[in-house]
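The numbers here are math on the coordinates, done by the rules we state, and not lab data. These numbers come from a predicted model, not from an experiment. Glycine gets a Cβ as well: all are built from the backbone with ideal geometry, and neighbour counts include every protein chain shown.
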Amino acid sequence: MMRELKILAVIVVFTLITYYLVEPFAHSQMHKHVEGEGFTYSDLPALTKTGDAVKGKELVMGAAACTGCHAITKEGMAAGMDPAMAAQSYGVNPPDLSNAGVVYDAKFLAALIKNPAHALKVEHKFDAAKGKMHPMPQFYGAGGDIDQEIADIVAYLQSIAPKAEELTSEQAYKLACGGCHENRYAGWTQVGQTPKFKKKQDELKFNLAKADYQDALTKYMGKLPPDLSIYIRSRGEHYIKTFVEDPQAYLAGTAMPRVGISTAGMEKVIEYLEDSGDAKRHERESIGPKVMLFTLVFALFAFLWKKELWSKLH
Amino acid sequence: MTKTNRRAFMGKAFSAVAGVGAIASLYAMKKSWDPLPSVKAAGFTTLDMSGYKGNELVTEKWRGKPVFILKYTPEMIASLNDDQKTRVIQIGSDYFMVTLGLCTHLGCIPGYNPDEKSFLCACHGGTFNVAGEVTKAPPPRDLDIPPFKINGTTLVLGEEGDEYKKLLEDGKTLRV
Amino acid sequence: MAHFTKATGLQDWFNQRLATDIVSRVMATEYWIPKNINFLWAMGMVLVITFVFLLVSGIILMMYYQPNVETAFDSVNYIIMKEVEFGWLWRHVHGVAASIVFLIMYIHMFTGIYYGSYKKGRELIWISGMLLFVAFSAEAFSGYMLPWGQMSYWAGMVITNIFSLGDLHLNGLVEWIRGDYVPAQAFLNRFYMLHVLLLPLVIIVLIALHFATLRIPHVNNQEGEELDFEEEAKKYKSGDKKGSKVMAFANDFLSKDMLVVSIFMILFFYLVFYNYNFAMDPVNFDPADGLKTPAHIYPEWYFLWSYEVLRPFSTNIGLIAFGFAQVIFVMLPFLDRSPNAVPAHKRGAFQIWFWVLLADMIVLTAMGKLPPEGIYSTIGLISVLLFIALWIVLPFITKMEKKL
């Protein structure tokens, strides 16, 4: 018995050493580890003003001209162009701002409105000095205190957005990721959720719009942003969170902008990705303990049977 | 308990535990064999009943099978007896024959003759009348009526509405 | 017409027609196993059970997997993982079992090496076992192609490239194996055929052969003692179960087999539900892309030592070293020149040889996963040279052993 335990110990030790070297250790050597900041966006200036949502609405419709490109369907303002056409004009479809107030971080929104390329961390690609302008123009102010005006705009966006607890995973993904990233397992394309097609022509029209959009997006980004269906399995939650927080930290020089997502928005995006890439996790978590219990019972009965039979052998 | 009995008992007890595991595995295997959710979801066809013309047979598709939609003209309605009228489906002020387009003999698709207002199955010569009732062997029963539900002017095949349930109860069709 | 009598019961009915009594005695109730063994002797049964798990889960996966380059990835990661009831469970069982079976095989192999269970009449057990290792390796490789992820594609590309045999430039052979210039539809389909039909048949035949080669020599024991099985069997059958040096396979050893299997199952299902990424590498969750090589390509853990043997050298030397490494284990019964079939701890230098080999295989495995740079490639090179040296030295150190 003692000898068997010694043998088992030897096997366990060698197996664990091998496992450690091949898995955690090797992966730490192959992949950079980025700790992340928890979406504090410490490089962006803190917010100093309290915004007035009513004034913000005037600015959004007026001097800031947001609705020139951005739909705000919640307030009855539809998009000016269909997604494919918008992508051909701007590279990507300017997102609908109905939920922006909750999905994006407030500090980020303020910095974005003032200087999009800087907040998005794509100045390496869009350098004003070199004449390469970001498709989203910056807000130069409406004549008053620009920081106050920006605070008003952000306050307005927050006022029309749902509360964090009411935000759905679809809303979060669609806004924060869906303009560039398809998710075919969830039926999401850059031109919208794939509907049930009645006629072949409808299907062809939809796929044509999608192809046109993806062509424009590829031209804009340099490469088609990947489909995120199963990223939760291929990259994992930590990588995704820290990557979204700052893509440049992992892939310096990448065309992917810093998303500027809020913690609430990120939680919901992770949920969306888990639903598309790890849909059966609840079932797995519920069945797991039951199966483990069964194996313990099985082992107990095997032991009792063995003990009975072997009592006559010694 | 004697030693031998205890041994045999423990052996049987262990086998029983193993058996429980085997049954649980078989259950999971059976569930894996079940039709997929996407297959079951595709089992409904919605038809807009406003576009059909009288005495013009249209073949729609439901669960991969052909479905005959035949709109009755006033003359065709007048020619039906009371028994046949129970098989008619009324949608608004229109009347239809709605059946599977499969001969109840061995599943070939019967052809419709609008002049004679009857169906003839080319495979073995079975015939059906304008109400879908079998009029010549070998088909053993009338054309089957698929599950349907009336929603205003649309018909949803695959759902069981009250009219369909009544047809089942009265034995006018088998469940397909 | 042979003579048949009225059966005295169901057992007698079958026995008259199938000789089931003799089969039962020879294969189970009078198959004598030495008592002086430990739980490592149960690894064979653990392998059988794991193989059964692979067969059953594989059969269910086959109901939904589509061996088509356009749909394979989604048939696994969407249909099986999301749509099929318990599909995720069978996929996890299959992936984890495919990985863990090699751990058990290595334990089983090294048990055989330690106790000298390849010597003196047991050479064919060893050889058939090594053939099984090769067959399982081919089965694992072919299976890995099927999800058609990035690792599937690039592993397929790299491993088939080996067959160009370095400076021989046998590109025609490589294209013939693939059925195309690159791993594509033809490649996927034929490896699907190998994985679900041909190789499983070969494995089943080899398992039968492996059992057959074991039956006459009987299982070894912890001291390497040569037992008079007839004599010990007589004692057992006459009722002296305590005094006999043997026990019956059924149900004595079988009950211990089941106990070891049950403990294995605790580990196995823990991995299936809670810790499965080691068996289903994240890189393979990217769909195959022939125009983009992943930053890090590596085989599954059980091939890493082999992979590392190939890496430190120039192409031709590497291939020779690789070929050597695949074949040399088979030669063990003939390279070990010692007359003693006893456990390693009684064999002096061989005991050191054993532990050094084991440690070296682990170092090779680790280096095979790490990027081939800096200190890792140095350690890798030393480990490969040590591996080759160990096998060259084996005939000499074993020849020097005194007969015990």
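Tabulated data for the structure shown
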item	result
On Cα atoms only, tilt of B:3-33 relative to the major axis of chain B in degrees	30
Most mobile of A:Ala111, A:Ala65, A:Ala155 in a GNM of chain A (Cα contacts under 10 Å)	A:Ala65
Radius 13 Å from Cβ of C:Phe396, net charge of other residues (Lys, Arg +1; Asp, Glu -1)	0
Chain A - Debye-derived log10 I(q)/I(0), Cα point model, q = 0.07, 0.14, 0.16 Å⁻¹	-0.40, -1.16, -1.46
Footprinting exposure proxy for A:Met1, C:Met130 (fewest neighbouring C-beta atoms within 10 Å first)	A:Met1, C:Met130
For chain B: relative contact order, % (alpha-carbon pairs under 8 angstrom, 6 or more apart)	17
For B:Ala13, net neighbour charge (Lys/Arg +1, Asp/Glu -1) across residues whose Cβ lies under 15 Å away	+4
Cα long-axis angle, helix A:281-310 against chain A (0 to 90 degrees, to the nearest 10)	10
Theoretical FRET efficiency, 1/(1+(r/R0)^6), r = Cβ-Cβ of C:Lys346 and A:Val12, R0 22 Å, to 0.05	0.35
Span from the the range A:11-49 Cα centroid across to the the range B:7-33 one, whole angstrom	43
Sparse-neighbourhood loop sites, trypsin sites (Lys or Arg not before Pro) in the range C:71-148 - DSSP loop, at most 16 other Cβ within 10 angstrom	C:Lys120
Dipole magnitude of chain A, debye to nearest 20 (Cβ charges: Lys/Arg +1, Asp/Glu -1, about Cα centre)	1260
Residue of A:Ser98, A:Ser159, A:Ser42 that the Gaussian network model of chain A assigns the largest fluctuation, springs spanning Cα pairs under 10 Å	A:Ser42
As computed over the range B:21-91, the Cα convex hull volume per residue (Å³)	132
Residue-wise HN-Hα coupling along the range B:65-78, computed from phi with Karplus coefficients 6.51, -1.76, 1.60 (Hz; x: Gly, Pro)	10, x, 10, 7, 10, 10, 7, 8, 7, x, 5, 4, 4, 4
Per-residue Cβ neighbour rank within 10 angstrom, fewest leading, A:Met77, C:Met145	A:Met77, C:Met145
For chain B, built as a Gaussian network whose Cα springs stay under 10 Å, the top-fluctuating residue of B:Gly92, B:Gly51, B:Gly126	B:Gly51
Under-5 Å amide H pairs with C:Met247, H placed in peptide plane, nonlocal only	C:Ile33, C:Lys35
Relative contact order (%) - chain A, alpha-carbon pairs under 8 angstrom, separation at least six	23
Trypsin sites (Lys or Arg not before Pro) restricted to the range C:197-290 and DSSP loop, no more than 13 other C-beta within 10 Å	C:Lys242
Loop chymotrypsin sites (Phe, Trp or Tyr not before Pro), the range C:1-57 (other Cβ atoms within 10 Å of the site Cβ: 12 or fewer; DSSP)	C:Phe4
For chain C, with +1 on Lys and Arg beta carbons and -1 on Asp and Glu, the positive-most of C:Leu89, C:Val205, C:Gly179 along the dipole	C:Val205
Computed E for A:Leu293/A:Thr168 - FRET, C-beta separation, R0 25 angstrom, nearest 0.05	0.10
For the range A:79-94, Karplus couplings with θ = phi - 60° (6.51, -1.76, 1.60), whole Hz, Gly/Pro x	6, x, 9, 6, x, 5, 5, 4, 5, 5, 7, 10, x, 8, 6, x
Point-charge dipole on Cβ atoms (K/R +1, D/E -1) for the protein assembly as shown, about Cα centre, debye to 20	3260
Translational diffusion coefficient (Stokes-Einstein; Kirkwood radius from C-alpha pairs) of the range C:304-404 at 20 °C, 1.002 mPa s, in µm²/s	149
Options A:Gly187, A:Met292, A:Leu304, ranked by Cα towards positive dipole end of the range A:171-314, top entry (Cβ charges)	A:Leu304
Unit Cα scatterers, Debye sum, the protein assembly as shown: log10 I(q)/I(0) for q = 0.09 Å⁻¹	-1.11
Neighbourhood charge, 10 Å Cβ-Cβ cut-off, centred on A:Lys57 and excluding it, Lys, Arg +1 and Asp, Glu -1	-3
Ranked A:Tyr213, C:Tyr115, A:Tyr41, A:Tyr220, criterion: other C-beta atoms within 10 Å, fewest first	A:Tyr220, A:Tyr41, C:Tyr115, A:Tyr213
Whole-Hz couplings from phi, Karplus 6.51/-1.76/1.60, listed for the range C:302-318; x for Gly and Pro	6, 9, 4, 4, 5, 4, 6, 4, 6, 6, x, 9, 5, 3, 5, 4, x
Dipole in debye (nearest 20) - the range C:24-289, about Cα centre, beta carbon charges: Lys, Arg +1; Asp, Glu -1	900
Interchain or long-range residues, amide H under 5 Å from A:Ile261's placed H	A:Asp105
Cα centroid of the range C:71-100 to Cα centroid of the range A:94-120, whole Å	40
Degrees, to the nearest 10: C:374-399 long Cα axis against longest axis of chain C	30
Selected from C:Tyr118, A:Pro162, B:Asn81, residue furthest toward positive end of dipole (the protein assembly as shown; charges at beta carbon)	C:Tyr118
For B:Asn151, residues with placed amide H under 5 Å, excluding near neighbours	B:Val156
Cα centroid separation, the range B:72-99 to the range C:296-331 (Å)	79
Descending semi-axes in Å of the range A:1-102, equivalent ellipsoid built from Cα gyration tensor	58, 20, 14
Gain on full stretching of the segment that runs from A:Asp82 to A:Lys49 - 0.36 nm per residue minus C-alpha separation	8.3 nm
Shape call, chain C: gyration tensor on alpha carbons, a/c limit 1.5	oblate
Dimensionless Rg/Rh of chain B - Kirkwood Rh, Rg from C-alpha atoms	1.30
